[in-house]
Structures are given as structure tokens and as C-alpha cells.
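Only one structure is covered here, and it is reproduced in the block below.
The values are calculated or read from the model by the stated rules, or taken from the named source; none is laboratory data. Just so we're clear, the structure is a prediction, and the values are computed from it rather than from any experiment. Glycine gets a Cβ as well: all are built from the backbone with ideal geometry, and neighbour counts include every protein chain shown.
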Amino acid sequence: MLDRLNKRPNDLSAFWMPFTANRQFKETPRMLVAAKDMHFTAEDGRKIMDGTAGLWCVNAGHCRPKITEAIQQQAAELDYAPAFQMGHPIAFEFANRLAAMAPEGMDHVFFTNSGSESVDTALKIALAYHRVKGDGSRFRLIGRERGYHGVNFGGISVGGIVANRKMFGTLLTGVDHMPHTHDIKRNAFSRGQPEHGAEYADELERIVTLHDPSTIAAVIVEPVAGSTGVLVPPKGYLEKLRAICDKHGILLIFDEVITGFGRLGKPFAVDYFGVTPDIVLTAKGVTNGVVPMGAVFVKKEIYEAFMNGPEHMIEFFHGYTYSGNPVAAAAGLGTLDTYEEEGLLTRGGELAQYWEDSLHALKDLPHVIDVRNCGLVGAIELEPIAGSPTKRAFSAFLKAFDENLLIRTTGDIIALSPPLIISKAEIDRIFETLGGILKKLD
Ligand SMILES: Cc1ncc(COP(=O)(O)O)c(C=O)c1O
């Protein structure tokens, strides 16, 4: 069976690959056929160190036994059961476990199947919340330039990555964007939160004034923007957003698809920054990336606002065929067990200083214009080749793969986010390999 699954077929054309240069990839494929703990195995047998936890999701490392066993058992016992007007115990158990570890006051969980679905679910909850409270004139959603909130229509509307938006028509109406906080002139080579830029949050006050606060439902941000190249919030910035939202009755949504489940050395970015939004949305690390799932956490007041009207009526017309899927919930429980037994939700904090020092040791290498970090996330920004943006970083990506290291690039930024089980020796290996590559890069 495995032989069949992991052998490269002769024809790669049928699979239209996501976020991939299909023609280039199919010319020179890079195939991964197995994984264990910190490493993938490539098709040619090489062990590739995972410097990115897959796509920021495999926080506990690969093929962890508790997760594998939980999935196997659940698939054999109750493979699927509907969650509309029906229930199965494991979804409730998983929701309870999540609520118990969630930021204080986040007592209720809505299940989705991905980060993109969690984003759109959170936006819909925010809009509907105001409406059930009799405040239906709040229809506007505010995102941020360079924000990444997945690829569904809500997410690309509030998101601020031009390439992800420009092909897709008018998107949602009633959306505005705050400026991003990337200020390389003032903040280059910051360790942790940059000193400058809290005032970027004042733009929210300007936008709110422009549209009138009574029209604004919610503000959504990634506490640390990941996919756009690791933008760490300036000191005081998130606090200001919270204060402005409070002042005007606007819901604050944190997209913790990347930062959730230990990435910053605390369970959630909420715990790390000490700023609590009204809705926290997650995916990825909720099941260690193994079975697709997302979870949206809301405050009690939000859930209770919906629990109105006749009891036989559905309170919120939203949900997915696979919301709370039993196999996904089993993967999630196996994941939480693994995180808890191995202390992984705080392990990033123990390694953060070593990680930061090792990363910043690359600051004087050729083409490096910024290095930044937070928890177990790091980024190295390179000067783009004139006239060929993205090429320099992509060439680093290809060279790293040749040298048995998986990194991720976005634009000319190298982003790193290893599984939280990484050892100091493995951190050394990542930066020795990258340092060697950067020294030779054109
Ligand atoms: C902050 C953030 N939100 C949403 C998403 C979308 O998640 P998915 O790809 O699971 O839909 C991502 C994915 O990288 C993300 O980083």
C-alpha cells in the first residue's frame, strides 16, 4: 500500500498544485515520501530537516504515535457522523479540552476544516453577533495591508496581499484596511517586538472616524503576521488596537492560525502579548496539521447573544459537513495529549533566546537587510535582485532543499518556524546550513 502511495507516478499533470509554479515544479519535482519527528524523507532517500513545521502546522513534529493511534482507532470505530442536529461524543470532548486551555473567557468553540474557513466563520460570527444584538448597522470589516487570512472570499477581502486579491473581482464590500506595521527603516534587526510603530494603530481611529463607528463590526489581524514574512507587532500596537475597539464597541479578532498552539512559546499569542480579543481563530496546530481542522473560539457573551429566540430554532445558520469530524477530533485530542505530555506549548519559550541569538548571528551576511524573530519564528529578509523580485530568496530555498533543509520563502523573505520539538543541535544545523547558503548566494 505505502509503496503505491509513495512512488512517483509517471504523469504529474492532473494535480493542479496550490500556490505553486506548476510548470517549473513538474519539470524538477521535489517530492517528500515519508516523515518522522524533525525530518522528512525525500524521494531519493535524503533526510530533510523540517525548518517550517510543514506549513507552520506540524508543531509536535511528524508521525507522532499518540496522534497516529488516535486517528486509527477513531476511523475504525466511528468514521463519520453528522454534526447538524446530531452529535458524537468526541467533538464535545475535544471542544471541552480546547476551551479549558483557551485564553480566559473563550468558552465556546466552533469547528471548521481549515484556517480559511475559520477566518470566514469568525467574520460571519462577528457580523451576525451585532445583528442578533439589534445593532445590524455594523457591517464593515477592517483588515490590514499584508494580512493573510487564507483564500476564501472573506479572508482575501480583509487580507492585504495583492497577488491573492487582484484576480478575484470585487470581493466583499464594506471592507477597509489599516496600514501594515513593517518599518524596516526604523526597526531593522529588532529582536522580538520592534520599538517603533505603535502609532500605526492610530490609523484605525482614522478609519473608524471616516466610516463612523456605528458601521464597524470587527477588526481582524494576525498578532504576528506570518505568511507575509513574519511581521512582529511593535510594542504597544496590539494594546492600542484593543483600546480603540473597546472605545467604539468593535469586536477584535485575532487570527492565530500560525501563532496558536505554542508557536510563540505560550499556548496562544493572546497569552504571549497579554492582549485579549473577542474572537480567536485557529487551525493548523490544532491537529498538528495531520487531519484538516480549524477551531474558532468566542467569548461567552458572544455565544450567549445567539442563544435567543424559540429553542427549536437554529441559532446560527453556518457550519460544514465536517465540523467536528470524529477523526479530526481524535487527531486533535492526540495532539493536545502530545503537547501537554511533552510541554510543547511552552517549549518555544525555553528555546526562544537560543533561537534568536542563532538567527541574528546571520545579520552581517551578504544581501541580508533585516532579521526578525518572535518565539520560535524567524525571518531573514534579503535585498531583492534588481528587476527580479523573489528570485534571490527562491534560489536560497532551492539550495537549502539540496542541502537537506526545508525553509519557506515569501517574496524575498526566508521564514522559519520549526516543529517545537527541535533540539539546540538542530537549531545549529539550520543556521549553519543557511549561513553557508547565504554566503554563496548571487
Ligand atoms: C494567519 C493565517 N490565516 C489563515 C490561513 C489559512 O489557513 P488554511 O490554509 O488552512 O486555509 C493561514 C495559512 O497559512 C494563515 O497563516
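If you scan the stretch 269-297, which residues turn out to be of a type in the set (G, A, S) and either buried (at least 24 other Cβ atoms within 10 Å of the Cβ) or modelled with pLDDT under 95 (or both)? Outline the logic, then answer.
First, pick out the residues of the stretch 269-297 that are of a type in the set (G, A, S): 269, 274, 283, 285, 289, 294-295.
Once the filter is applied, which keeps residues that are of a type in the set (G, A, S) and either buried (at least 24 other Cβ atoms within 10 Å of the Cβ) or modelled with pLDDT under 95 (or both), the stretch 269-297 yields A269, A283, G285, G294, A295.
Counting residues that are in the same structural domain as S417 (by TED's automatic domain parsing) and buried (at least 17 other Cβ atoms within 10 Å of the Cβ), which strands (runs of 3 or more DSSP E) fully inside the stretch 1-64 reach at least 3?
39-42, 47-50
So which residues in the stretch 10-41 are of a type in the set (V, I, T) and in contact with a strand residue (DSSP E or B) (Cβ under 8 Å, 6 or more places away or on another chain)? Let's see the steps before the verdict.
Keep residues of the stretch 10-41 that are of a type in the set (V, I, T), which gives 20, 28, 33, 41.
Those that are of a type in the set (V, I, T) and in contact with a strand residue (DSSP E or B) (Cβ under 8 Å, 6 or more places away or on another chain): V33, T41.
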Original post:
Given the structure, is H211 touching a Lys or Arg at 6+ places or on another chain (Cβ under 8 Å), surrounded by fewer than 19 Cβ atoms within 10 Å (Cβ to Cβ) and of a type outside the set (A, V, I, L, M)?
Top reply: yes
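Select from the stretch 346-360 the residues that are surrounded by fewer than 24 Cβ atoms within 10 Å (Cβ to Cβ) and touching a residue at least 40 places away in the same chain (Cβ under 8 Å) and list them in ascending order.
Keep residues of the stretch 346-360 that are surrounded by fewer than 24 Cβ atoms within 10 Å (Cβ to Cβ), which gives 346-347, 349-354, 356-360.
Those that are surrounded by fewer than 24 Cβ atoms within 10 Å (Cβ to Cβ) and touching a residue at least 40 places away in the same chain (Cβ under 8 Å): T346, R347, G349, E350, L351, A352, Y354, E356, S358, L359, H360.
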Subject >> One residue from I142, I156 being in the same structural domain as V275 (by TED's automatic domain parsing), more than 15 Å from V296 (Cβ to Cβ) and out of contact with any strand residue (DSSP E or B) (no Cβ under 9 Å at 6 or more places or on another chain) >> reply: I156
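How about the stretch 209-236: which of its residues are without any contact (Cβ under 8 Å) to a residue 60 or more places away in the chain, more than 15 Å from the ligand (Cβ to nearest atom) and touching a helix residue (DSSP H, G or I) at 6+ places or on another chain (Cβ under 7 Å)?
Pass one, the stretch 209-236, residues without any contact (Cβ under 8 Å) to a residue 60 or more places away in the chain: 209-210, 212-213, 223, 233-236.
Then drop every residue that is not more than 15 Å from the ligand (Cβ to nearest atom), which leaves 209-210, 212-213, 234-236.
Selection gives P213, P234, K235, G236.
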Subject >> Number of the condition not met by K266 [criteria: (1) under 16 Å from the mean Cα position of the chain (by Cα); (2) surrounded by 22 or more Cβ atoms within 10 Å (Cβ to Cβ)] >> reply: (2)
Subject >> Evaluation of P233 against (1) buried (at least 24 other Cβ atoms within 10 Å of the Cβ); (2) closer than 23 Å to G54 by Cβ (one fails), failing number >> reply: (2)
**OP:** Could you pull out the residue among D357, D337 that is under 26 Å from F110 (Cα atoms), among the charged types (D, E, K, R) and outside any loop (DSSP other than H, G, I, E, B)?
**Re:** D337
Subject >> the stretch 51-89: number of residues that are within 16 Å of the ligand (Cβ to nearest atom) and more than 23 Å from the chain's Cα centre (by Cα) >> reply: 0
Original post:
If we keep just the residues of the stretch 113-130 that are under 11 Å from the mean Cα position of the chain (by Cα) and of a type outside the set (S, T, N, Q), which is nearest to the ligand (Cβ to nearest atom)?
Top reply: G115
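Enumerate the strands (runs of 3 or more DSSP E) found wholly within the stretch 237-306, keeping only those where 2 or more residues are within 21 Å of A198 (Cα to Cα) and either within 13 Å of the ligand (Cβ to nearest atom) or out of contact with any strand residue (DSSP E or B) (no Cβ under 7 Å at 6 or more places or on another chain) (or both). Walk me through it before giving the result.
Details: elements: 251-255, 279-282, 294-298.
Result: 251-255.
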